[in-house]
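Participant: Please find one structure pasted underneath; my questions will follow.
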Amino acid sequence: MSEDCIFCSIVAGDIPGRVVSETETTLAFLDVNPLAPGHTLVVPKDHHARLGDLPDDVAADLFAEVHALAPRVEDAVDADATTVGINDGEAAGQEVPHVHAHIVPRFDGDGGGPIHAVAGDRPDLSDEEMDDIESAITSA
Ligand code: 5GP
Ligand code: ZN
């Protein structure tokens, strides 16, 4: 647990959260400032700041819970679709430095966009640059 982490405090029960699901390693609760009815956050119970910090088994548990919950949340609020996303790092918009997956119910005509809308200007990459990126990721 990290002392000054709001999500650790919710996991510990020190501050209230509208908990919708709990497993041995994860907790899911409603976002206090929802983007849509049913907006749910799924967190590992242990404090980890970034996605890459998660141990493999916890990462698997987290995705398993997102997989189980997304259709349940969608049904519960009678939504038409769901956007699932993780802001991983400050430059990506992460404000709470404890890994969390957002489950955001989506509705026909809700005025939102696809996940493609979250990034900035699209780069114009040459084939060579794409090859270099492919190699860099493969060998990382
Ligand atoms: P981020 O920008 O880090 O991906 O998203 C953080 C999310 O946490 C935001 O959607 C915000 O509304 C939510 N949030 C921040 N503080 C609290 C809180 O105390 N309780 C709950 N349930 N959600 C919170
Ligand atoms: Zn934490």
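Participant: Consider LEU35 carefully, then state whether it is in contact with a helix residue (DSSP H, G or I) (Cβ under 9 Å, 6 or more places away or on another chain), on the phi < 0 side of the Ramachandran plot and hydrophobic (A, V, I, L, M, F, W, C).
Facilitator: no
Participant: Still on this structure, I have one more. Filter the stretch 48-59 down to the residues that are open to solvent by less than 60 Å² (accessible area, probe 1.4 Å) and not aliphatic (A, V, I, L, M), then identify the one that is nearest to ARG106 (Cα to Cα).
Facilitator: Ranking the qualifying residues of the stretch 48-59, first place goes to HIS48.
Participant: Considering the stretch 72-82 alone, what residues qualify as being open to solvent by 70 Å² or more (accessible area, probe 1.4 Å) and assigned to a helix (DSSP H, G or I)?
Facilitator: Within the stretch 72-82, ARG72, ASP75, ALA76 qualify.
Okay, residues lined up against (1) more than 27 Å from ALA119 (Cα to Cα); (2) away from ligand 1 (no atom under 11 Å from the Cβ); (3) of a type in the set (Asp, Glu):
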| residue | (1), (2), (3) |
| --- | --- |
| THR23 | yes, yes, no |
| ALA28 | no, no, no |
| ASP53 | no, yes, yes |
| ALA92 | no, no, no |
| GLU95 | no, no, yes |
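Participant: Follow-up question, since we're still on this one. Residue under question is ILE10, and the condition is that it be within 14 Å of ligand 1 (Cβ to nearest atom) and within 26 Å of ALA91 (Cα to Cα); does it hold?
Facilitator: yes
Participant: Need the failing condition index for ALA119 against (1) in contact with a His (Cβ under 8 Å, 6 or more places away or on another chain); (2) free of Cβ contacts under 8 Å to residues at least 40 places away in the same chain, just the number.
Facilitator: (1)
Participant: Considering only residues of the stretch 93-104 that are more than 16 Å from ligand 2 (Cβ to nearest atom) and touching a helix residue (DSSP H, G or I) at 6+ places or on another chain (Cβ under 8 Å), which is most open to solvent (accessible area, probe 1.4 Å)?
Facilitator: GLY93
Participant: In the set LEU41, LEU62, which member is surrounded by 19 or more Cβ atoms within 10 Å (Cβ to Cβ), within 15 Å of ligand 2 (Cβ to nearest atom), outside any strand (DSSP E or B) and not hydroxyl-bearing (Ser, Thr, Tyr)?
Facilitator: LEU62
Participant: For the stretch 105-122, indicate whether the set of residues that are β-branched (Val, Ile, Thr), surrounded by fewer than 14 Cβ atoms within 10 Å (Cβ to Cβ) and at negative phi is non-empty.
Facilitator: yes
Participant: Residues of the stretch 17-38 being open to solvent by 40 Å² or more (accessible area, probe 1.4 Å), more than 19 Å from ALA60 (Cα to Cα) and part of a loop (DSSP other than H, G, I, E, B), which ones?
Facilitator: ARG18, VAL32, ASN33, PRO34, LEU35, PRO37
The values are calculated or read from the model by the stated rules, or taken from the named source; none is laboratory data. Model, not experiment: these values are computed from the prediction. Glycine also receives a Cβ, built like all others from the backbone with ideal geometry; neighbour counts cover every protein chain displayed. Quick note on the areas: whole protein, heavy atoms, side chains included, nothing else; ligands and nucleic acids left out. Shrake-Rupley method; radii C 1.70, N 1.55, O 1.52, S 1.80 Å.
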